[in-house]
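Novice: Sharing a structure, written as structure tokens. Questions coming.
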Amino acid sequence: MYTELRETATELAAVLWREHTVYRERGGGVVIRGEHVGRWISLAPTGGKDQARLRAGRLLDGGTTAPARSEVVVDLSVGTGELAAVCRRLLADVAAADTEPPRARTERPKRAERPAKPARPRKSRHTSLGSWVVLLCVAGVVGLWVYTQFGMYGY
């Protein structure tokens, strides 16, 4: 499936952009990067025969990829021209999402100022009863081992 995706992605990249990079994704898909337009397209297997999941997103400063803005499942048996049309539609959705004004953040009302609580003195750390029991059991086992190794011979 990877070789089929790779071939399809290479043909698709040539139709979409003059300058592009095609590489393999971690999940087994193929990514087409258009550095000059600041966008990327990903083709990933879906599990269906001759189907792929197409995702599109933008490139961030420094070359990292932003999460996908839109995605669609396509049939790979259609021609490269139809795949290119679907990709252009996805890229247009990404461009439209970039031009939308950012949503205004709603500020939460501030909490009423409370007087600061006095700091409690920290309790000193003591070994708990359970820890003492474990230590005594370990010491008993070590003592029993020493007795059986050296106690029988009268050293």
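Novice: Compare the peptides 12-18, 79-85, 127-133 by average per-residue count of other Cβ atoms within 10 angstrom and give them in order, highest first.
Specialist: So the order, starting with the most tightly packed, is 12-18, 79-85, 127-133.
Novice: Excluding ligands, DNA and RNA, what is the solvent-accessible area per residue of the stretch 1-47 at a probe of 1.4 Å, expressed in Å²?
Specialist: Normalised by residue count, the accessible surface of the stretch 1-47 is 55 Å².
Novice: Tally up the carbon and sulfur contribution to the accessible surface of the stretch 38-84 as a whole percent, 1.4 Å probe, everything protein left in place.
Specialist: In the stretch 38-84, the share of accessible area belonging to carbon and sulfur is 44 percent.
The values are calculated or read from the model by the stated rules, or taken from the named source; none is laboratory data. It should be emphasised that the depicted structure is a prediction, and the values quoted were computed from it without experimental measurement. Backbone-built Cβ (ideal geometry, glycine too); neighbour counts: all protein chains shown. These area figures cover heavy atoms from the full protein model, side chains too; ligands, DNA and RNA do not enter into them. Shrake-Rupley method; radii C 1.70, N 1.55, O 1.52, S 1.80 Å.
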